[in-house]
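Here is the structure we will look at, set down as structure tokens.
The values are calculated or read from the model by the stated rules, or taken from the named source; none is laboratory data. Quick caveat, the model's predicted, so the values are computed rather than measured. Methodologically, a virtual Cβ is constructed for each residue, glycine included, from the backbone with ideal geometry; neighbour enumeration extends over all protein chains shown. Surface areas here come from the heavy atoms of the whole protein model, side chains and all, with no ligands, DNA or RNA. Shrake-Rupley method; radii C 1.70, N 1.55, O 1.52, S 1.80 Å.
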Protein chains: 2
Amino acid sequence: MYEGAVQDLIDELGRLPGVGPKGAQRIAFHLLQADSDDVTRLVTALTEVKAKVRFCDLCGNVAQAERCRICADPRRDQTAICVVEEPKDVVAIERTREFRGTYHVLGGAISPIDGIGPDDLRVRELMTRLASGDVQEVIIATDPNLEGEATATYLSRLLRDIGVTVTRLASGLPVGGDLEYADEVTLGRAFEGRRRVDA
Amino acid sequence: MYEGAVQDLIDELGRLPGVGPKGAQRIAFHLLQADSDDVTRLVTALTEVKAKVRFCDLCGNVAQAERCRICADPRRDQTAICVVEEPKDVVAIERTREFRGTYHVLGGAISPIDGIGPDDLRVRELMTRLASGDVQEVIIATDPNLEGEATATYLSRLLRDIGVTVTRLASGLPVGGDLEYADEVTLGRAFEGRRRVDA
């Protein structure tokens, strides 16, 4: 509908996740009217990210060198590995400041519907890391949904006999939430995982 | 939270309209994992749009030359001008195939709250086009909201005495809508603008 270059930009923006045709049009016109500097900054950021960013050889997290910041940090506890699906899960856990170990990013979760099996994830790399014998605990922090649970079950069976403690993040009521609005599975898990209170 | 280049990209994407922090993160990781070709196409589209696209000298629509495609088309009726707020409104009207005249893009609507007055819009350029005396009808097609109505009222007063027919798009019930769900202002307008049916 638009002349050449504008339509090309709308088409390209419309391919991004979460950007529909209306959103793509809105962004395109915003950029058309924006300072050239703003567009240059966006173009530079896009180019840099492809040129500089890679994945950590060890854990699979995003990195700007062979090792990511966390794997390269000698203060991190190398005996505990937290297994997550995506790099953004690493950021979410880092924000809690609860965990001082290292991570292992699987790159997704087992999902037969999408044709994703264990071989498509970085499971072999995890086993290689565990083979060194230094690791004492593997914390499985995959998403608490169908695919994440399937992945957690698969990994816990795989790791059962190699002599590491395998744990899974607790399921339960979200803090600040309303019991009334909790779905029955979450509420069920919260009951199942209830703890004695020593007042 | 992320390493340099990734965070820079998330920051830049987060500045786009309609893209929140979560959306920016999602797009950034999508691009990180995408083919280099896809990112190159997006970068090219961004660069091209800033290099090639300008605004039509006559009507203010997006163009790739001095005149936009519509103003440059000799088959378009030069005696009717449809006044719209934004280039995307031109596309919306073109899609109807109802109008064969030319357009005039104001670049917005009068909005005292945002400090936008008639001098910030392409009103002077419209008056210059009308001064030639060839134009017989001006169709005001600003948005049917507060700012659009204010702009329409302003323009219709301005054009009252210069000898052109000034019309405004009809307000009423949207086709395919439900009378029950129409807001009272729209329903009121539909009553006000009711037409005799000659069966």
Seminar exercise, completed: With the first residue restricted to region A:1-27 and required to be free of Cβ contacts under 8 Å to residues at least 24 places away in the same chain, and the second required to be of a type in the set (Asp, Glu), Cβ contacts under 6 Å at 6 or more apart or on different chains are A:Ala5/B:Glu48
Seminar exercise, completed: Flagged pairs (Cβ under 7 angstrom, 6 or more apart or on separate chains; first in region A:103-131, within 14 Å of A:Thr151 (Cβ to Cβ) and not assigned by TED's automatic domain parsing to the domain that holds A:Glu147; second aliphatic (A, V, I, L, M) and surrounded by fewer than 14 Cβ atoms within 10 Å (Cβ to Cβ)) are none
Exercise. Scanning for something open to solvent by 10 Å² or more (accessible area, probe 1.4 Å), within 30 Å of A:Asp119 (Cβ to Cβ) and of a type in the set (S, T, N, Q), does region A:93-107 turn up at least one residue?
Worked result: no
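Among the residues of region A:52-67, write down those that are more than 7 Å from every other protein chain (Cβ to nearest Cβ) and open to solvent by less than 80 Å² (accessible area, probe 1.4 Å).
Residues satisfying the conditions are A:Phe55, A:Cys56, A:Leu58, A:Cys59, A:Gly60, A:Asn61, A:Ala65.
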Exercise. Which of the residues spanning region B:1-51 are more than 7 Å from chain A (Cβ to nearest Cβ), closer than 18 Å to A:Leu31 by Cα and surrounded by fewer than 18 Cβ atoms within 10 Å (Cβ to Cβ)?
Worked result: B:Asp11, B:Gly14, B:Arg15, B:Gly20, B:Thr40, B:Thr44, B:Ala51
For this session: Pick out the one residue from B:Val175, B:Val91 that is within 29 Å of A:Gln33 (Cα to Cα) and of a type in the set (A, V, I, L, M).
Result: B:Val91
Exercise. Hey, does region B:169-179 have a residue that's more than 29 Å from B:Arg75 (Cα to Cα), in a helix (DSSP H, G or I), at pLDDT below 85 and out of contact with any strand residue (DSSP E or B) (no Cβ under 8 Å at 6 or more places or on another chain)?
Worked result: yes
Seminar exercise, completed: Filter region B:144-174 for residues that are open to solvent by 70 Å² or more (accessible area, probe 1.4 Å) and over 21 Å from the mean Cα position of the chain (by Cα); the one that is nearest to B:Gly115 (Cα to Cα) is B:Arg157
Problem set entry | Count of region B:157-168 residues which are farther than 14 Å from B:Leu106 by Cβ and either in contact with a Gly (Cβ under 8 Å, 6 or more places away or on another chain) or in a helix (DSSP H, G or I) (or both) | 1
Problem set entry | Single unsatisfied condition, A:Thr151 versus (1) among the polar types (S, T, N, Q); (2) at pLDDT below 90; (3) assigned to a helix (DSSP H, G or I) | (2)
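Name the one entry in A:Asp73, A:Asp38, A:Asp89 that is assigned to a loop (DSSP other than H, G, I, E, B), among the acidic types (Asp, Glu) and either closer than 22 Å to B:Ala5 by Cα or outside the structural domain of A:Leu146 (by TED's automatic domain parsing) (or both).
Going through A:Asp73, A:Asp38, A:Asp89 in turn, the sole match is A:Asp73.
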